[in-house]
Amino acid sequence: MTCSPLATPEVGRGLGLSPASEPEREVLTGGVLPIVPVGHRAPGRGPDQRSRMLNVPSQSFPAPSSQQRVVSGGRSKVPLKQGRSLMDWIRLTKSGKDLTGLKGRLIEVTEEELKKHNKKDDCWICIRGYVYNVSPYMEYHPGGEDELMRAAGSDGTDLFDQVHRWVNYESMLKECLIGRMAVKLAVPKDYREEKRVLNGMLAKTQVSGTLAKEGPNSPSYDWFQTDCFITIVIYTKQKDISLDSIIVDHQGDSFRAETIIKDYSYFIHIELSHEVEEDFSVRVVENVGKIEIVLKKKENTSWKCLGHPLEKHNLLILKKDTGLYYRKCQLVSKEAVTHDTKLFCLMLPAGTHLQVPVGHHVYLKVTITGTEIVKPYTPVSYSLFSEFKEPDLPNNKYIYFLIKIYPAGLLTPELDHLQIGDFVFVSGPEGNFKKSRLQEIEDLFLVAAGTGFTPMVKILNYALSNIPSLRTLKLMFFNKTEDDIIWRGQLEKLAFKDKRFDVEYVLSAPTSEWNGKQGQISSALLSEFLKRSFEKSKVFLCICGPTPFIEQGMTLLHDLYFSKDEIHSFTA
Ligand code: FAD
Ligand code: NAD
C-alpha cells in the first residue's frame, strides 16, 4: 500500500451519517442514499433495498400493559392499543405496504416542505438530516402520539437524543423514509489538513474542527517504531485515565481507538499502512494520563507513515454525539441462574480491548426478522467472588450478562435461543456512574429489584476489594418470589464470608411459607434497612429496578434525608 492521502472526513452529523452504529453508517455513506427529484423513481430502491440501507430501534420496556408502565413522572410511557407492539410494527414494515405514500421514491425535502407536514395523519420529522413520515408509526410509539407530535414538521434530532439516542431509529423507521433534507455538505475547516498522510507529527490545530472549546485539554497522539513494534501513544492530559477509558478495535488494516475523557471521546482511526498481528497490548500510565498501544509488525520493515485517517480520526467529540460502535461477539456459554434468568458469556473479538466500567451498561444488538433490535444490558462479574483487580487484566476477553428471559418479550427470547458459537453485536459502554463516588465511604447501601441487581454486582465486587474505609455493605433485594432471587446462594455465602456484607430479601408475591420481609418498597422497610454503622458515617446508596420502583424509592429516600450526592439511581 502506498502512502497517498485518503480520508473519510468527519462531515456534519446532520448530513447523512447514521449515528446509531458505525457499521451501519458505512452502508449509509458507502451506498450514499440516492436522492431523486420528486416524481422520479430511484431505480431498484424498493422497500427491500432500502431495508438494507437503513437499520432499526426499539425501547418498549416495560411492555405496554406491564405494571411497570404506571409511571408517575419523568419520561412516561403510554399504554398501547392491542396489536400495536414493537413486533406488530416490525410485521407492518415487512408487509410491503407503502408507508410513505411515495411508492419507494426518496425525495429531497426543503424546510418549507417539512413544515407543512405537521398533522397526526401527515407528520414528517427530520432526524439527523433524514426525513421520516411517522404518521403510520404514531400508534406504535411507546412514548405516545403527543410525544412524537412535539417534533412534527421539524427537526426532532435534539428531542430524540434527549430521550433515547441509542435507539436505532434508522432500522425501525426504514420504511417511513421520505428522503434527505436539502442542505449542502459542510466540510470541516481543517478537512484538507486531516487528509494528510499520518506521520505522527500532526500539528495541534489538526485535532479539531469539531474540537469542542469547552472540552478537556486537547488530547493528542504520536507514534514510534522499533524493528518489531509500532507504539501509538495517546496523551490524554487527564490523570484519572485507566484501562477502561480506552476501547480498541483492530481488524485487518483498520485500527480504531476511542479514549473516553470525561464527557468526550477522542478517536484514533486509521487504515494502517502495513500489516500487524491481530493481538496488541495496551498500557496506561495513570499519573501522566498517557496510553500506549503496542502493535506487533508482521514484517520487520521500517514504516514511513502510520497510515491514513479514517472517519473521526484525531477528533475529540462530545460522547453524546458519537453514536454507538458495535463489535461482533461470540456466545461461549449460557447457563441457568434462576427459572427465568441466565448468565450469558460473550467473547470479544481477538482485536478488541474493551472493559466496561463499574456501573455502566452496553447495548446488545440482534437482528430479528430483518430488523435490528437494540437494548441495554449491564455486564456483571462471573460471580460475586471474582476478585476485582484494579486495573483489570488487559487481556480480559469475556463479558458476562445476567439476563431475564421474558417469554412474550421481543429481544430476550431471541437471546435465549442463541446457540453457543452464535454472534451478538455489543456496543461500547455508556453510563454516568462514577466509581470515584465510592471513595472513602463507610456505609454502602444497595437497593435492587429484579434484574436491577445487575449493576450492583460489580459495585459490590469493587467496593469490597477496593474501598479500605468500607465498614458495612448492605443489599436490600426486592423480588416477586423466592425463585426469582438471583445468585441467592452466592449472596448468602458472601454474607457468611465477609462480615461487612449483609443481604435482606423483600418479596412482593411470596408463598405462605415465606417468613422474611414482604411487600413493595416503603418508608418503613427503608428506614429500618438504612442503619448507619455510626452517626454521621459517610454513606452512599445505589438504587436500580423498574422505573416506578426507582421513582418511589427516590421520593422515600429524600424523605429519609438522603441528599442527591449520596444517591445514584440507575435509570434508563
Ligand atoms: P419486551 O419486549 O420489552 O417485553 C418486556 C415484558 O413485557 C415481558 O414481560 C413481555 O412479556 C411483556 N410484553 C411485551 N409485549 C407485550 C404486549 N404487547 N402486551 C403485554 N405484555 C407485553 N435486563 C436484564 O435482564 N439484564 C440486564 O443486565 C439489564 N440491564 C439493563 C440496563 C439498563 C440501563 C436498562 C435501561 C435496562 C436493562 N435491562 C436489563 C432491561 C433490558 O434492557 C430489556 O428491557 C429487557 O431485557 C426486556 O427486553 P425484551 O425485548 O425481551 O422484552
Ligand atoms: P420484576 O417485575 O420481577 O419486579 C421485581 C420487584 O420490583 C418486585 O418484586 C417489586 O418489589 C418491584 N416492582 C416491580 N414493579 C413495581 C412497581 N410498579 N412499583 C413498585 N415496585 C415495583 O422486575 P424485573 O422483571 O426483573 O425488571 C427489572 C427492571 O430493572 C426492568 O425494568 C429493567 O429495565 C430494569 N433494569 C435497569 C437497569 C439499569 O441500569 N437502569 C439494569 C437492569 C435492570
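The values are calculated or read from the model by the stated rules, or taken from the named source; none is laboratory data. Bear in mind that the values here come from a model prediction, so they are computed numbers and not experimental data. Using ideal geometry, Cβ is built from the backbone for each residue, glycine included, and neighbour counts are taken over all protein chains shown. The protein model used for the area step is the full one, side chains on, heavy atoms only, and it has no ligands, DNA or RNA in it. Shrake-Rupley method; radii C 1.70, N 1.55, O 1.52, S 1.80 Å.
A few comments on the model shown:
- Among the residues making up the stretch 498-552, those that are touching a Leu at 6+ places or on another chain (Cβ under 8 Å) and away from ligand 2 (no atom under 16 Å from the Cβ) are ASP498, ARG500, PHE501, ASP502, SER527, LEU530, VAL539, PHE540.
- Some residue of the stretch 137-148 being over 26 Å from the mean Cα position of the chain (by Cα) and not acidic (Asp, Glu): no
- Single residue of the stretch 516-572 satisfying the filter (under 23 Å from the mean Cα position of the chain (by Cα) and either more than 16 Å from ligand 1 (Cβ to nearest atom) or at pLDDT below 90 (or both)) that is farthest from ILE441 (Cα to Cα): ALA572
- Of residues in the stretch 204-238 being touching a helix residue (DSSP H, G or I) at 6+ places or on another chain (Cβ under 8 Å) and at pLDDT below 60, the one farthest from LYS312 (Cα to Cα): THR205
- The set of residues in the stretch 255-279 that are open to solvent by 40 Å² or more (accessible area, probe 1.4 Å) and either of a type in the set (Phe, Trp, Tyr) or touching a Phe, Trp or Tyr at 6+ places or on another chain (Cβ under 7 Å) (or both) contains only HIS274.
- For the stretch 440-469, the tally of residues that are farther than 21 Å from PHE385 by Cβ, more than 11 Å from ligand 2 (Cβ to nearest atom) and among the β-branched types (Val, Ile, Thr) stands at 1.
- Test: residue in the stretch 455-463 that is within 15 Å of ligand 1 (Cβ to nearest atom), open to solvent by 10 Å² or more (accessible area, probe 1.4 Å) and of a type outside the set (Phe, Trp, Tyr): yes
- In the stretch 362-371, residue nearest to SER95 (Cα to Cα) [restricted to those that are at pLDDT 90 or above and either surrounded by fewer than 23 Cβ atoms within 10 Å (Cβ to Cβ) or more than 16 Å from ligand 1 (Cβ to nearest atom) (or both)]: THR367
- Qualifying positions in the stretch 553-570 - without any contact (Cβ under 8 Å) to a residue 60 or more places away in the chain and either within 10 Å of ligand 2 (Cβ to nearest atom) or hydroxyl-bearing (Ser, Thr, Tyr) (or both): THR555, TYR561, SER563, SER569
- Only one of ILE467, ILE420 that is of a type in the set (Val, Ile, Thr), over 19 Å from the mean Cα position of the chain (by Cα), modelled with pLDDT of 95 or more and open to solvent by 10 Å² or more (accessible area, probe 1.4 Å): ILE420
- For SER436: the one exception among (1) within 16 Å of ligand 2 (Cβ to nearest atom); (2) assigned to a helix (DSSP H, G or I); (3) not basic (Lys, Arg): (1)
- Of the candidates LYS304, LYS296, LYS320, the single residue that is surrounded by fewer than 18 Cβ atoms within 10 Å (Cβ to Cβ) and part of a strand (DSSP E or B) is LYS296.
- Among residues of the stretch 94-146, those that are assigned to a loop (DSSP other than H, G, I, E, B), within 24 Å of THR367 (Cα to Cα) and not aliphatic (A, V, I, L, M), counted: 10
- Pairing each residue of the stretch 128-151 that is more than 17 Å from HIS164 (Cβ to Cβ) with any residue that is part of a strand (DSSP E or B) and small (Gly, Ala, Ser), provided the two are 6+ apart or on different chains, yields C-beta distances under 9 Å for VAL131/GLY179.
- Residues of the stretch 470-497 satisfying the condition of being within 13 Å of ligand 2 (Cβ to nearest atom) and either on the phi > 0 side of the Ramachandran plot or open to solvent by 30 Å² or more (accessible area, probe 1.4 Å) (or both): LYS480, THR481, GLU482, ASP483
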